[in-house]
1. Based on what the data block shows, is Leu135 part of a helix (DSSP H, G or I), in contact with a Phe, Trp or Tyr (Cβ under 7 Å, 6 or more places away or on another chain) and either at pLDDT below 95 or loosely packed, with under 13 Cβ neighbours inside 10 Å (or both)?
2. If the requirement is being in a helix (DSSP H, G or I), open to solvent by less than 80 Å² (accessible area, probe 1.4 Å), touching a residue at least 24 places away in the same chain (Cβ under 8 Å) and over 18 Å from Leu135 (Cα atoms), which of these qualifies: Gly85, Gly53?
3. Do you know which of the residues in region 88-106 that are open to solvent by less than 70 Å² (accessible area, probe 1.4 Å) and of a type in the set (A, V, I, L, M, F, W, C) is nearest to Val157 (Cα to Cα)?
4. Restricting attention to region 122-132, which residues are of a type in the set (A, V, I, L, M, F, W, C) and surrounded by fewer than 12 Cβ atoms within 10 Å (Cβ to Cβ)?
5. Could you tell me which numbered condition Glu162 fails, if it satisfies all but one of (1) open to solvent by 100 Å² or more (accessible area, probe 1.4 Å); (2) touching a helix residue (DSSP H, G or I) at 6+ places or on another chain (Cβ under 9 Å)?
Amino acid sequence: MTETSTTTAKAAPKARATKAKAAPAAATFPDFEAFSIPQMEVPAVFREATEKGIENAREAYAKVKTAAEDATDLIEDTFETSRQGVVEFNHKAVDAAKTNADATFNFIKDIMSAKTLAEAIELQSTFARQQFDALSAQSKEMQELATKLGTDVSAPVKEAMEKSFKDLKVN
């Protein structure tokens, strides 16, 4: 009895699959004259205008692509210049901080070894003068570096803008 039910169960899915395949072949649509597309030739003038429009679009795309690539290169160069300048600026700032900290520690060591109040006041005055001079020199150096960084970063952008405006005037 078990063998018969197994055979029947396997045969049923095959019959269903056969019916499903036969159904799409029977479905066809009638041919309506109202929905047919008339055969007509495109005028040569229209074809030429279309081809010229496609060519102009390709040229415009090429120009836009070139401009986008140039802008990407400009941005990459600007960011790299900025990165290098900021790294250099930070190195100078760390060097200045180390120099100032070393000078302060030396001053503290010297003032602790002072034997009189007059000697301590003389050390304080000398230290203040030296630190003022060092701070002035460091500020000047940092200002020059910041100015150079600003010029280096803005120069390529300025050149690109001038070139773009020149190209616009020519066209």
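1. no
2. Result: Gly85 is the single residue among Gly85, Gly53 that is in a helix (DSSP H, G or I), open to solvent by less than 80 Å² (accessible area, probe 1.4 Å), touching a residue at least 24 places away in the same chain (Cβ under 8 Å) and over 18 Å from Leu135 (Cα atoms).
3. Step by step, filter region 88-106, then rank; the result is Phe89.
4. Correct list: Ala128, Phe132.
5. Single failed check for Glu162: (2).
The values are calculated or read from the model by the stated rules, or taken from the named source; none is laboratory data. From a predicted model like this one, the values you see are computed outputs, not experimental measurements. We place every Cβ from the backbone using ideal geometry, glycine too, and count neighbours over all the protein chains shown. Just the protein is used for accessible areas: all its heavy atoms, side chains included, with ligands, DNA and RNA removed. Shrake-Rupley method; radii C 1.70, N 1.55, O 1.52, S 1.80 Å.
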